[in-house]
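Here, each number is a calculation from the coordinates, and none is a lab measurement. All values derive from a computational prediction rather than experimental measurement. Note that each Cβ is placed from the backbone with ideal geometry, even for glycine, and that neighbours are counted across all protein chains shown.
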Amino acid sequence: MWMLSFIPDSWLHFAVMALLFIGAVLYGASFVLRFIPPLIPYKDPIRILSVVLLVAGVYFYGSYDTEMHWRAKVESAQAKVAEAEAKSTEANTALEEERKKKQKVITEYAITIKERIVEKEKIIDAGCVVAPEAVSILNDASKNPLGAKK
């Protein structure tokens, strides 16, 4: 059935309808043939052939309808996938921008803490006593600059 995807829809529809039409015409012709004496022996084989063509036509019409139904489902699924990809790209862009902002805040905060350490270095190293400024700086360094709770 996957090979049907290579055949245009209009050709498939035409082939199925032609099969049904030929089967119906031959079946009608088999009734007319009993009135033409030289063709009377061909009446039953033509009737059998026409019934086979009609049954095959009905079967193929059902297959054709199923194929068109699945093609429609595939098209709708592909449209949903394209929409999801577009939304994903937008979300990724927004996420990347937010990540850059947070990284900038964290970097600036680390730079500020390092500058405070350099400023208070003399006081911290002066007496080998832990100065209240050092404790304050270390406490500030351990805090989350973004304010998020862990």
Round to a whole angstrom and tell me the spacing of the C-alpha centers of segment 59-106 and segment 15-37.
50
Rounded to the nearest 500, the 222 nm mean residue ellipticity computed for the chain from DSSP H runs (n ≥ 4, each -39500 (n - 2.57)) alone is -29500 deg cm²/dmol
Cα lying deepest toward the dipole's positive end in segment 7-142, options M68, A86, S30, charges on Cβ
S30
Which of the lysines could a cross-linker bridge to K122, judged by Cα under 18 Å and excluding same-chain residues fewer than eight apart?
K114
